[in-house]
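Asker: Just dropping this structure here.
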Amino acid sequence: MSTTADEPTRAPSAEGARGLPDGTGAHARVVLDGAGLDVGGVVRLADHDAVPDVPAEALARVRHAWQAAERLAARGRLYGRGTGVGAHRQIAVDEADLAGHGLRLLRSHAGGAGAVLPARQARAMLAVRTNQLLAGGSGIHPDFVEALAEALRLGVHPAITEYGSVGTGDLTALAQTGLALLGEHPWLGAPSDASGPGAEHPRAGSPRGVDPYEDGSPIPVPRRPRYGTAAPRPQAAPQPQAIAQPQSGTTAPRPQPAPRPRAAPAAGAGLPAPVMLRPGDALALLSSSALTLGQAALACHDLTVLLRAAHAVAALSLLAVSGSTEAYAAPVHAVRPYPGPARAAAEVRRLLGLPDRPPPGGGRRVQDPYGFRAFPQVHGAALDAAERLRHVVETEINCPTENPLIVPDDDTAYHHGGFYAAPLGLALDAADLALLGTAQLSAARLAGLGRADLTGLPAFLAEGPAGSSGTMIMEYTAHSALAELRASASPASAGHTVLSHGLEEAAGFASQAARQALRAVDAYRTVLACELVVAVRALRLSGTTPDMPAFTVASAVLPPQTEDRPLTPDISEATDLLPHLAHL
C-alpha cells in the first residue's frame, strides 16, 4: 500500500466527507517514490483525500538523473534537448537557444481543445506524472517534481482540455501543465465556499475515494445527491476566473495571452512558485501518458467498486425469482478454474449464506435464464479484466517512460518508444468489452424481474388500478445507459493514424480508451442501480423479508411506495447505495 497517515483514516460520514482538515491538522499521506504508487493512492490524491509524501531519497534520484542528463548533453545532442522533436528530430538547436527552445516546445504543444477536464482527472494526472518523474529516468530538474507535488498539496490543478492525445504521450495536457508551472497557464482550484480540501469534487458513485475492502472500515449508507463521473461539458461562456500568476522565471519575453479558463483559488490555498525552465526540462515533462493513466486509474477503481456491488445486486435478483443456486456451486467452477468466475460464484454464495455445495433442486425451475444462470461466467470475466487493467496501470505509473531514458548509473541515454501506451489501451478495451457483457446480463435480470412467469408477481411489479405500469420504464432507462456502454466498448485500439510527416505511423489511442472507460463505468452504474431498485421491490412484493444484509441495507433506504410515480429518485438512492453494497 502507498498510503500512510498521521492518524487512522476514518470512513466518511453519512452526509459525505468534507475532505481533510486544513492548516496544521493531520493528513493522510500517499508516498510518491517512483516505485510503490497504486490505484488507491492515485484516487486518494485525485480526490484530495490525501497529500503527497515525497521521500528525500526519491528527489535525490531525480537530481542524480538530471546531473547525468547534463553531462550527456554536454557530450552530444540528445533528442529534444539539442534537437527539434518529431519530424524535426534531425534539426539542431542553437546552444544559446536551448532554454528558449524548451519554452517554444511547451507553448507550441499546448494546443489541446474541447472541454476543460474535471479536477479529479487533472489531479490524477498530476499524481501519476509526479510519481513517474520520481522514478528518475527523465533527466528533468527536481524543481519541476517539487512543484507538481506542491500543486497536489495545495489543491490546485492546471486547466487541461479534453482532446490532444492519441496514445503516444499526453503532449497537450502536459504542455498545459508545464506552462502552468512556469506561470503562463491558469491554475484552477476549489470554490471559495469549500470547507476544506477535497470538497470540490466528491467521488463519482462512491464516498470520497474510500475503496471498499481496502482498509476494512465500514462505509456508511450515503444519504446525499449523486455526483456523476463525467462532468457536464462546460458552455463556451462564462469561463471560471483565473488565479493571479507571477511572471515566468524564463528570460524569454512573455506574450500577452488570450483569455483563458479562470477560477477562484481555494480558501487559504496558495500556488506553486513558478519554476525556472532549463534545457531539456520541456521534453522530459511531456514524455508521458500521465493523463491517460490517471483517467485509467480512476476508471479501474470505480469499476472495481461497482463489480463488487454487482455480487449483492445479482444475489438479490436471484432470490427474487427463486432462482436455482446450482449454477453457483463450487464444483461447477472447480472444473473450469478461472479466478473471476469462481470468485463471482463464491461471493453470491457468501451473500446468500449458502454452502459451497448448495443442495440441488432448490430453485423454482430446472434451469434459469442466462442472466441468473451464467452470471458467474460473464461477471467473472469482467473481474478478471479489471484485475488485468489494475496490473497494467500500476506497472505504468511506476515506470520511467520518458524518451530519451536517462540511466545515471550507466551514464547513458536510450532513445525508445516506451511511451507508446499499447498495453494500457488493450487492457482498457478488454475491460470495457467485459463490462458490456455483465451489464447486458444485469439488464436481462431486470427484465426477468418484471415477468410474472418468473416471479409469480404482477407484471412489471405493478400495484394499483388495472393498467398500472409499475417498473416498466426501468427497462428503458437501463437500456439507454446500456447503449452508451455499448458505444464505449468499441475498441479504441483499433484506430490508426499517421503523424509528423510519417515518422509516427501508428498510435495506440489509449487516451480515447480511457475516456470511453470512464463513460462505460458511469453507464454501468446506472444499469446496476436500475436492477437494484427492481430487485428490492420484487422482494418486498413477495411478502418475504430475507435475512440478508444487502436487502436490509437497501430496503432501509429505497422508498417503499409501489404506486405509479417518478422513479428517478429511487435510481439516485440506489446509485449511492452501490459502494456500500460493495463492502458487504
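Asker: Within the stretch 420-438, can one find any residue that is over 19 Å from ALA492 (Cβ atoms) and of a type outside the set (Asp, Glu)?
Answerer: Going through the stretch 420-438, the residues over 19 Å from ALA492 (Cβ atoms) turn out to be 438.
Next cut, of a type outside the set (Asp, Glu) only: 438.
Yes.
Asker: Might you check whether a residue that is over 30 Å from PRO339 (Cβ atoms), assigned to a helix (DSSP H, G or I) and touching a Pro at 6+ places or on another chain (Cβ under 8 Å) occurs anywhere in the stretch 451-472? Steps first, answer last, please.
Answerer: Residues of the stretch 451-472 over 30 Å from PRO339 (Cβ atoms): 451-472.
Checking the rest, the ones that are also assigned to a helix (DSSP H, G or I) come to 452-455, 459-461, 472.
Imposing the further condition that a residue be touching a Pro at 6+ places or on another chain (Cβ under 8 Å) reduces the set to 452, 454.
Yes, the conditions are met somewhere in the stretch 451-472.
Asker: Looking only at residues that are assigned to a loop (DSSP other than H, G, I, E, B) and in contact with a Phe, Trp or Tyr (Cβ under 7 Å, 6 or more places away or on another chain) in the stretch 397-417, which one is surrounded by the fewest Cβ atoms within 10 Å (Cβ to Cβ)?
Answerer: In this case the residue turns out to be HIS415.
Asker: Please go through the stretch 366-394 and give me each residue that is among the aliphatic types (A, V, I, L, M) and at pLDDT 95 or above, ordered by number. Steps first, please.
Answerer: First, pick out the residues of the stretch 366-394 that are among the aliphatic types (A, V, I, L, M): 366, 374, 378, 381-383, 385-386, 389, 392-393.
Passing the criteria: ALA374, VAL378, ALA381, ALA382, LEU383, ALA385, ALA386, LEU389, VAL392, VAL393.
Asker: Counting residues that are buried (at least 19 other Cβ atoms within 10 Å of the Cβ), which helices (runs of 4 or more DSSP H) fully inside the stretch 325-373 reach at least 3?
Answerer: The helices (runs of 4 or more DSSP H) meeting that bar are 339-352, 370-373.
Asker: Regarding the stretch 184-197, can at least one residue be identified that is buried (at least 24 other Cβ atoms within 10 Å of the Cβ), at pLDDT below 50 and not small (Gly, Ala, Ser)?
Answerer: Scanning the stretch 184-197, I find at least one residue that is buried (at least 24 other Cβ atoms within 10 Å of the Cβ), at pLDDT below 50 and not small (Gly, Ala, Ser), so the answer is yes.
Asker: While we're here: Take the residues of the stretch 461-501 that are surrounded by fewer than 16 Cβ atoms within 10 Å (Cβ to Cβ) and among the aliphatic types (A, V, I, L, M): which is modelled with the lowest pLDDT?
Answerer: Going through the qualifying residues, I end up with LEU499.
Asker: Given (1) within 30 Å of LEU78 (Cβ to Cβ); (2) among the hydrophobic types (A, V, I, L, M, F, W, C); (3) in contact with a Leu (Cβ under 9 Å, 6 or more places away or on another chain), where does ALA273 come up short, assuming only one miss?
Answerer: Exception for ALA273: condition (3).
Asker: Listed residues LEU293, LEU271; which is more than 20 Å from GLY82 (Cα to Cα) and surrounded by 24 or more Cβ atoms within 10 Å (Cβ to Cβ)?
Answerer: LEU293
Asker: Ok, one more. Only one of (1) surrounded by fewer than 18 Cβ atoms within 10 Å (Cβ to Cβ); (2) at pLDDT 90 or above; (3) in contact with a helix residue (DSSP H, G or I) (Cβ under 7 Å, 6 or more places away or on another chain) fails for LEU133. Which number is that?
Answerer: (1)
Asker: Residue check: is LEU318 among the aliphatic types (A, V, I, L, M), more than 31 Å from the chain's Cα centre (by Cα) and closer than 26 Å to PRO579 by Cα?
Answerer: no
Asker: Something else now. Residues THR552, THR545, THR575: which one is more than 30 Å from SER288 (Cβ to Cβ), free of Cβ contacts under 8 Å to residues at least 60 places away in the same chain and part of a helix (DSSP H, G or I)?
Answerer: Among THR552, THR545, THR575, only THR552 is more than 30 Å from SER288 (Cβ to Cβ), free of Cβ contacts under 8 Å to residues at least 60 places away in the same chain and part of a helix (DSSP H, G or I).
Asker: Look at THR412 and say whether it is out of contact with any Asp or Glu (no Cβ under 6 Å at 6 or more places or on another chain), under 14 Å from THR292 (Cβ atoms) and assigned by TED's automatic domain parsing to the domain that holds VAL348.
Answerer: So THR412 does not fit the description; no.
Asker: Further, regarding this structure: Could you please tell me which pairs satisfy a Cβ distance under 8 Å, a separation of 6+ or placement on different chains, a first residue in the stretch 340-351 that is in contact (Cβ under 8 Å) with a residue 40 or more places away in the chain, and a second residue that is part of a helix (DSSP H, G or I) and of a type in the set (S, T, N, Q)?
Answerer: Note: pairs meeting the criteria are PRO341/GLN377.
Asker: Something else now. Which condition from (1) touching a residue at least 60 places away in the same chain (Cβ under 8 Å); (2) outside any loop (DSSP other than H, G, I, E, B); (3) of a type in the set (Gly, Ala, Ser) is the one that ALA180 breaks?
Answerer: (1)
Asker: Filter the stretch 306-324 down to the residues that are touching an Asp or Glu at 6+ places or on another chain (Cβ under 7 Å) and in a helix (DSSP H, G or I) and list them by number.
Answerer: If the condition is that a residue be touching an Asp or Glu at 6+ places or on another chain (Cβ under 7 Å) and in a helix (DSSP H, G or I), then HIS311, VAL313, SER317 are the ones that fit.
Asker: Which pairs do you get when a residue that is among the β-branched types (Val, Ile, Thr), found in the stretch 470-495, comes within reach of a residue that is outside any helix (DSSP H, G or I), reach meaning Cβ atoms under 7 angstrom, with the pair 6+ apart or on two chains?
Answerer: Every condition considered, the pairs that remain are THR471/GLY450; ILE473/LEU567.
Asker: Show the residue pairs that are 6+ apart or on different chains and have beta-carbon atoms under 6 Å apart, the first residue being within the stretch 112-126 and surrounded by fewer than 24 Cβ atoms within 10 Å (Cβ to Cβ), the second being among the hydroxyl-bearing types (Ser, Thr, Tyr) and in a helix (DSSP H, G or I).
Answerer: From residues that are surrounded by fewer than 24 Cβ atoms within 10 Å (Cβ to Cβ), the pairs are GLY112/THR172.
Asker: Also: Is it the case that the stretch 152-174 has a residue that's of a type in the set (Lys, Arg), surrounded by fewer than 24 Cβ atoms within 10 Å (Cβ to Cβ) and either without any contact (Cβ under 8 Å) to a residue 24 or more places away in the chain or in a helix (DSSP H, G or I) (or both)? Show your work before the answer.
Answerer: Our first condition is that a residue be of a type in the set (Lys, Arg); within the stretch 152-174, this holds for 153.
Then drop every residue that is not surrounded by fewer than 24 Cβ atoms within 10 Å (Cβ to Cβ), which leaves 153.
Within this subset, residues satisfying the condition of being either without any contact (Cβ under 8 Å) to a residue 24 or more places away in the chain or in a helix (DSSP H, G or I) (or both) are 153.
Yes, there is a match, as at least one residue in the stretch 152-174 is of a type in the set (Lys, Arg), surrounded by fewer than 24 Cβ atoms within 10 Å (Cβ to Cβ) and either without any contact (Cβ under 8 Å) to a residue 24 or more places away in the chain or in a helix (DSSP H, G or I) (or both).
Asker: Also, quick follow-up: Looking at the structure I just gave you, is ARG486 in a helix (DSSP H, G or I), among the basic types (Lys, Arg) and either touching a Ser or Thr at 6+ places or on another chain (Cβ under 8 Å) or on the phi > 0 side of the Ramachandran plot (or both)?
Answerer: no
The values are calculated or read from the model by the stated rules, or taken from the named source; none is laboratory data. Computed from a predicted structure; not experimentally measured. Cβ coordinates were reconstructed from backbone atoms using ideal geometry, including for glycine residues, and neighbour counts include every protein chain displayed.
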